[in-house]
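Contents: one structure, followed by commentary.
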């Protein structure tokens, strides 16, 4: 079974630009969540989608947004990039279906964003 | 607000010894707690999950304990090997649609 795939793996942007990151979850997983990881703040929850609906959102400004498609693939977008947005953005998928939900998150390798 | 503390200092141990990592939390009673391993430049990998009504969970050389009174989880790696060197993260569920709070992680160095 293929794992969680994130693209692109690395990207460099300048302040003020916007970026879109993509995540393909494990086949059969309907929940996709996004995390930002920085050396200073660690892993921080951005948002979670299930069946194309955002079920939960972390404490990030509105510049951070996401969506999920009918095939469970997800994208996140960051607009008006700031230097502090430089981070590793991790996508995680999980089964999240009733009694089958073990809560285990399967992470991708991440998209490393550098904002200059 | 939720606070999760893991020892930010690296843990250096000799091969063959038991590594013990600590995760303390405040202001919340999670239904379960998870441990992940993260290697440099990679995404975290799930290791173990322990529920609030479980005191201990084992998987091969790994053991996790969960004390909801102390609000603490201990993660043990017995007979440690250099390949166990990595950063270990604990994560608490928020009973809220796969929203997890992660600790900052403890870097484990196992020396041959």
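Descriptive notes on the structure:
- The lone exception for residue B:89 - which of (1) at pLDDT 95 or above; (2) at the interface with chain A (Cβ under 8 Å from one of its Cβ atoms); (3) surrounded by fewer than 16 Cβ atoms within 10 Å (Cβ to Cβ) it fails: (3)
- Residue check: residue B:8 meets all listed conditions (1) within 15 Å of the chain's Cα centre (by Cα); (2) surrounded by 12 or more Cβ atoms within 10 Å (Cβ to Cβ) but one, namely (2).
- Test result for residue B:75, free of Cβ contacts under 8 Å to residues at least 40 places away in the same chain, part of a strand (DSSP E or B), more than 13 Å from every other protein chain (Cβ to nearest Cβ) and under 18 Å from residue B:93 (Cα atoms): no
- Criterion (without any contact (Cβ under 8 Å) to a residue 60 or more places away in the chain, within 14 Å of another protein chain (Cβ to nearest Cβ) and out of contact with any strand residue (DSSP E or B) (no Cβ under 6 Å at 6 or more places or on another chain)) met by exactly one of A:59, A:71: A:59
- Counting only strands (runs of 3 or more DSSP E) wholly contained in region A:1-93, the ones carrying 2 or more residues that are over 12 Å from the mean Cα position of the chain (by Cα) and over 30 Å from residue B:5 (Cα atoms) occupy A:10-13.
- Criterion: within 14 Å of chain A (Cβ to nearest Cβ) and modelled with pLDDT of 90 or more - qualifying residue of B:108, B:47, B:11: B:47
- Residue count for region A:45-56 under the criterion of being at the interface with chain B (Cβ under 9 Å from one of its Cβ atoms) and over 14 Å from residue B:98 (Cβ atoms): the result is 0.
- Just so you know, in region B:16-39 the residues that are farther than 17 Å from residue A:45 by Cβ and exposed (fewer than 14 other Cβ atoms within 10 Å of the Cβ) include one that is farthest from the other protein chains (Cβ to nearest Cβ), and it is B:16.
- Qualifying residue in region B:51-61 (condition: surrounded by 12 or more Cβ atoms within 10 Å (Cβ to Cβ), free of Cβ contacts under 8 Å to residues at least 40 places away in the same chain, within 10 Å of chain A (Cβ to nearest Cβ) and not in a loop (DSSP other than H, G, I, E, B)): yes
- Single unsatisfied condition, residue A:81 versus (1) more than 13 Å from chain B (Cβ to nearest Cβ); (2) surrounded by fewer than 18 Cβ atoms within 10 Å (Cβ to Cβ); (3) over 24 Å from residue B:45 (Cα atoms): (2)
The values are calculated or read from the model by the stated rules, or taken from the named source; none is laboratory data. Nothing here was measured: the structure is a model prediction, and the numbers come from that model. Counting neighbours? That spans all protein chains shown, and the Cβs are built from the backbone with ideal geometry, glycine included.
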